[in-house]
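The values are calculated or read from the model by the stated rules, or taken from the named source; none is laboratory data. Please read all numbers here as calculations on a predicted model, not as lab measurements. Counting neighbours? That spans all protein chains shown, and the Cβs are built from the backbone with ideal geometry, glycine included. To get the accessible areas, we keep the full protein, side chains included, count just its heavy atoms, and leave off ligands, DNA and RNA. Shrake-Rupley method; radii C 1.70, N 1.55, O 1.52, S 1.80 Å.
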Amino acid sequence: MSAAPYLQLHRPSPDWRDQVLYFVMTDRFADGDPRNNDQGAGEYRPGDNGRYQGGDLAGLVQRLDYIRGLGVTGLWITPPVANQWLDRSGVTAGYHGYWASHFMQVDPHLGSLDDYRRLSDALHRRGMTLVQDIVVNHTGNYFGYGPDWTAADPASGYQPYTSTPPGARPAQPPFDLNDPRDPAARQASVYHWTPDVRDYNDPLQEERFQMSGLDDLNTENPAVRRALRHSYGHWIREVGVDAFRVDTAFYVAPGYFDDFLRAKDRQAPGVLEVARRTGRQRFHVFGEGFGIDRPGEDTQARKIESYMRGPRGEPLLPGMLNFPLYGALGDAFARGRPPAELGDRITRMMRVHRNPHLMPSFVDNHDVDRFLAGGSAAGLRQALLALMTLPGIPVIYYGTEQGFTVQRAAMFAAGVGSGGRDRYDTQAPMYRAIAELTALRGAHRVLSRGIPTVLQGNAARPGALGWRMDRRAGRAGVGSALVVFNTADGDSLLPGLDTGLAPGTVLRGVYGLHGLPSDQVVGAGGRLTMPLRARSGQVWVATSRRAMPEGAFGRVTLDGTTPARVAGQGASGPGVERHQGDFTIAGTATGGGTLQVVVDGDLAQALTVTPDADGRWQARVDTSGMVDPETRHTVVAWGQGRAASAVRRFQVVRPWSTVVERPDPVGDDTGRDGRITYPTDPGWGASRQMDLHHVRVDTAGGALRLVLTMNQISTTWNPPNGFDHVAFTVYIELPGRDDGATVMPLQYGTLPEGMRWHLRLRAGGWSNALHTHVGASNEVEGTPVTPGATLAVDRSARTVGFTLPAAALGRLPSLRGARLFVTTWDYDGGYRALGSVAGPHSMGGGATDGLRVMDHSGVITLP
């Protein structure tokens, strides 16, 4: 059936480099037709995060002007296809769209094919694009395997789940051939007939086993490939979809996508050919590959690139989601990691990826914590500015513009997590901020099409970060954009930034998070020094104008340090000094007035010195808060109206002292009353990842290191933090204070022994957040702060370590008298549910509002 002629379904492809997408989970966005909410299978339950809430395609049409007001150019929706409505437990629904029953039908909860066409038409008439989420790896969870499974006999251990609504098996041929006990189904080999993945580091399991119970399709089978091409070509022809996002691309062999996109099949051609026939010459397809690299590594980035380019450089997928950049953005702007790590990630991104401009970038989505679950609003604005000034297709996850903290909360009043009101406020501060950012990107094509060069990044603490965007790689000049951040919560110094521009070049301020920045003039040697306001972000564009550089009326030198040992054994590079304690620096200055001696860019802690009559000065550098011997610190002398001195780099070796060793009983991971049980999914089972065995506490002045020995550390789900199936919540009471909180947010408990916490660390396989007690309640975690904890995992020793610098703990000279309380549970967008009976991914043995603590350390007082 062809679409009605008056609908504007087909339009030429845009230049995807210039696009900004808004990503919605359709069920959670807007309920435009309440008549389709309840299909009578118990799947619809307003207020229950695991069930359908009522959002639909008609609601999206009604709210398109709200979406367009953000300045986005396209709408990305979760899969609209007919789904399995409830899983075999009867607890969790397929509201999200990733459990397909029929790849060519619209799920009735979302509306009809005509509703989908009306959405396409409404978008195209507004000059916007439609991006559809698709799945080629799996269907819903219609069968599983018991312990008797063998690869040689797919019928052995086979367990069909026949009670799942709306049907016992997929409704679409050939995907309905899902019972290997049937010779015809076995011969058709539509599925891989495998159990759940147990090790995501095993390539065979990753590509052929079931992910979280979802039935894995045999994408090597030509019949399966043809059926998937036919199914998804349908949406391009009949609805006018402009791009696809491919879910779980990592769980399909990279070579599959060449066939999916480019197959020469008259009956079911590759989707790029289908799109070309509708006038779309640059139909975009980008995949999901959840892989986050640790600082200084690019293993996951290279794996992601292997899905865009084959081993001989042949094209596969045009794009992939940029998960490594997502991880680095969160580290820098939410968790207080040194911004040099983000700078290194940008450099690696440009080196590893052939076309990073076609890789969608994001700060959060439906599968990870909201940015604001652990970061601040100021940090979020910075992260969004970074998205808009780097290569890639920025993606705004719905609700970000309304300050959402809950992963899949609804935007409409009747939906879960909405607070009982609609959330479409176009005057909300973040809504207005995003609209300004998209306008910035649209006004300066160098931001969407340019090439970044990272110029400087603080390697020791939150602080300054700067990059330059050029029309051609490394070609700084008129029209280049300079992007500068201060990721710290206090003012920082940007010392001697090498802009790559000619001295005297006038930089025109075009955007600032705190107001339009004043124009700047590049100084001698092409350098720029300036103080940066806390949590600032600023953009300048190089002009053809020239002016007298600052710093021409005075200069500062930093001549030496005492005592010092210049780079040698143990130091990490030429000219890097290594110290074991405090040291003195000295230098000269001309031009009169006072100077500031700035360590690691921290202006709040800067020393003010006055040169003598001969212009000489000296100062003592306090190293008490420097505990990582690998960190490169900096010191620079600077005075207003003068260029800064050269930067001096150094490292500090400071010993840690173990102050507490506390064993914890083995096997007591059963909750406070001994009745809590693990989820039934075999990923937990005998592994008992929440069983705490030992706690060690180390201190170095006002810094804290906590090392936890566990029963077992697993990485079943390939977590970026190096452990899964457990989350740690650590409460810290600082000495000498009488304020604090007793409530245990989201865990529904109260701290024991009269303890009052001032800082709370929550860390799981995908999250790492630090909060103060300010504003904390049962439902609110408190106020997010940086810098957060550094994690260290040793699987062989079964340890997870957390290090908090003195800056995170109030810069106390000592932590004597501080108290700690460590708890275990698990966390997936929220602490896992608790009920009377355990489910596959929920705890059992307690009330739904019961205490979420599986094991704990008891209160620990530091001597």
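From the list G639, G667, which residue is small (G, A, S) and at pLDDT 95 or above?
Testing whether each residue is small (G, A, S) and at pLDDT 95 or above leaves just G667.
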Quickly run through segment 511-534 and pick out the residues that are closer than 17 Å to Q382 by Cβ, touching a strand residue (DSSP E or B) at 6+ places or on another chain (Cβ under 7 Å) and not in a strand (DSSP E or B).
L516, P517, R533, A534
Within segment 606-617, considering residues that are surrounded by 15 or more Cβ atoms within 10 Å (Cβ to Cβ) and closer than 24 Å to G463 by Cβ, the one nearest to the chain's Cα centre (by Cα)
A606
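Just to check your reading of the model, which residue among W99, W85 is open to solvent by 10 Å² or more (accessible area, probe 1.4 Å), in contact with a Gly (Cβ under 7 Å, 6 or more places away or on another chain) and over 19 Å from D681 (Cα atoms)?
Working: W99 fails: over 19 Å from D681 (Cα atoms).
Going through W99, W85 in turn, just one is open to solvent by 10 Å² or more (accessible area, probe 1.4 Å), in contact with a Gly (Cβ under 7 Å, 6 or more places away or on another chain) and over 19 Å from D681 (Cα atoms): W85.
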Which one is farthest from G233 (Cα to Cα), of the residues in segment 269-326 that are touching a Phe, Trp or Tyr at 6+ places or on another chain (Cβ under 9 Å) and hydroxyl-bearing (S, T, Y)?
Y326
Only one of (1) modelled with pLDDT of 75 or more; (2) under 25 Å from G701 (Cβ atoms); (3) open to solvent by 40 Å² or more (accessible area, probe 1.4 Å) does not apply to G591, and that is (2)
Does F371 fit the bill of being among the aromatic types (F, W, Y), farther than 30 Å from P34 by Cβ and in contact (Cβ under 8 Å) with a residue 12 or more places away in the chain?
yes
Number of the exception - M430 against (1) within 19 Å of G330 (Cα to Cα); (2) surrounded by fewer than 24 Cβ atoms within 10 Å (Cβ to Cβ); (3) in contact with a strand residue (DSSP E or B) (Cβ under 9 Å, 6 or more places away or on another chain)
(3)
If you go through G287, G279, the only one that is in contact (Cβ under 8 Å) with a residue 40 or more places away in the chain and touching a Pro at 6+ places or on another chain (Cβ under 6 Å) is G279
Got a number for residues in segment 433-464 being open to solvent by 40 Å² or more (accessible area, probe 1.4 Å) and farther than 26 Å from N355 by Cα?
3
Given the conditions (1) more than 26 Å from P787 (Cβ to Cβ); (2) more than 30 Å from the chain's Cα centre (by Cα); (3) at pLDDT below 95, every one holds for H694 apart from (3)
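Where in segment 592-666 are there strands (runs of 3 or more DSSP E), lying fully within it, with 1 or more residues that are free of Cβ contacts under 8 Å to residues at least 60 places away in the same chain? Give the steps one after another, and end with the answer.
Values: elements: 595-599, 607-609, 616-621, 633-638, 648-652, 657-663.
Those strands (runs of 3 or more DSSP E) span 595-599, 607-609, 616-621, 657-663.
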Apart from one, (1) open to solvent by less than 20 Å² (accessible area, probe 1.4 Å); (2) in contact with a His (Cβ under 8 Å, 6 or more places away or on another chain) all hold for L494; the odd one out is (2)
Report yes if D215 is farther than 30 Å from R276 by Cβ and either more than 30 Å from the chain's Cα centre (by Cα) or open to solvent by 60 Å² or more (accessible area, probe 1.4 Å) (or both), otherwise no.
no
Scan segment 809-816 and give yes if some residue there is open to solvent by less than 10 Å² (accessible area, probe 1.4 Å), within 20 Å of H856 (Cα to Cα) and touching a residue at least 24 places away in the same chain (Cβ under 8 Å), otherwise no.
no
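From the residues in segment 725-742 that are among the β-branched types (V, I, T) and within 12 Å of H771 (Cβ to Cβ), which one is farthest from the chain's Cα centre (by Cα)?
Only one residue tops the list, namely I732.
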Step by step: first the residues of segment 152-164, then only those that are of a type in the set (G, A, S) and touching a Phe, Trp or Tyr at 6+ places or on another chain (Cβ under 8 Å), then the one that is nearest to A185 (Cα to Cα). Which residue is that?
S156
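Listed here are the residues, each with its yes/no results for (1) modelled with pLDDT of 95 or more; (2) under 25 Å from the mean Cα position of the chain (by Cα); (3) buried (at least 23 other Cβ atoms within 10 Å of the Cβ).
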position: A3; (1), (2), (3): no, no, no
position: D31; (1), (2), (3): yes, no, yes
position: R35; (1), (2), (3): yes, no, no
position: A41; (1), (2), (3): yes, no, no
position: Y52; (1), (2), (3): yes, no, yes
position: D65; (1), (2), (3): yes, no, no
position: G71; (1), (2), (3): yes, yes, no
Of all strands (runs of 3 or more DSSP E) fully inside segment 94-211, the set with 2 or more residues that are within 23 Å of H841 (Cα to Cα) is 100-106, 143-145, 158-160
